[in-house]
Amino acid sequence: MKQDMKQTREDYLQAAESWGADRHAELSKSRRTAWIVASVAAAIALCEALALVFLTPLKTVEPYTLLVDRHTGYVQALNPLAPAKVSGDTALTQSFLVQYVIARENYDVDSVQNDYRKVALWSADRARSDYLTLMQSGSAASPLVKYPRGTVVETQVKSVSPVSANVALIRFDTRRRDATGDWQPAQSWVATIRYRYTGEPMKQEDRVFNPLGFQVLRYRRDPEMLPAAAPAAAAPVTPVATTGAAPVGADGQPLPQPPSSIRTRRGDTVKVLPDGTQVTL
């Protein structure tokens, strides 16, 4: 019997030792897994920190400045913080457009012949025919007929904006100076221009004024601001003849009329005029 009890104790101790070994193995395995997960998380956090450190300088905020005309509502983007980058072809086209508008809209007896030649040479199709018709002496809209002698019209271009391929929008002001030297208020205009570059042959003297064959095909000018509406005329006031009727109060009853004369205690007679003035008689 003692032998059986000893065997049972040894089996119990062996089972307990085996259970302890299993628990220790499971604990070691769980701890090892936790360290692996923590290491991976730390590595990911480190990578994110490095990414923020290296990518933060690359993030820039570019401000945009918008100029809004309070009279016309025209919005123009400005970039005063960086120099404007314009290609050579774009700058040359803008220069031709500005020169064309100035030559077509300016008026001065001393330079009208040169402006006429330039606009006629730089125009084609409808733009040319419209301009030649406008400048005829029999046209009522011709500046030669419309303006008195000595009048000068100056043009100032404000902006040149591309609309689409070979189409541009030009905003400009014109100011008129009369023969007396008085300047009229400036007028704002918007011109829509369709243009092209042509390689057609031309005379040598014409090539000097237009070396690249710049031509305007369509030219349309519109006022930038609509004319202000005329104030409505006041309705005429028709005088109403008085009939001498006694005035009435708010209740519709006639108001008492003041007496024409009043006798004071001293015996003086005070006459009351229609305007309320009292005169002692």
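All of the numbers you see were taken from the coordinates with simple rules; none came from a lab. Note that this is a predicted model, so its numbers are computed, not measured. Backbone-built Cβ (ideal geometry, glycine too); neighbour counts: all protein chains shown.
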Residue by residue through the stretch 132-142, what is 3J(HN,Hα) from phi via Karplus (6.51 cos²θ - 1.76 cosθ + 1.60, θ = phi - 60°)? Round to whole Hz and write x for glycine and proline. 5, 5, 5, 7, 5, 5, x, 7, 5, 8, 5
Is the stretch 77-223 best put as rounded, prolate or oblate by its Cα gyration tensor, with a ≥ b ≥ c the root eigenvalues, rounded for a/c under 1.5, and otherwise prolate when a/b is larger than b/c, oblate when not? oblate
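Sort 150-160, 188-198, 203-213, 31-41 by packing, meaning the average of other beta carbons within 10 Å per residue, with the highest value first. List each step's numbers first, then the result.
On the way: 150-160: 15.7, 188-198: 17.6, 203-213: 11.5, 31-41: 10.0.
Highest-to-lowest ranking by the protection proxy: 188-198, 150-160, 203-213, 31-41.
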Expected sort for L144, L50 with the fewest Cβ neighbours (10 Å cutoff) up front is L50, L144
Under the Karplus relation 6.51 cos²θ - 1.76 cosθ + 1.60, θ = phi - 60°, what is the ordered set of whole-Hz ³J(HN,Hα) values for the stretch 173-179, x standing for Gly and Pro? 10, 10, 10, 10, 10, 6, 5
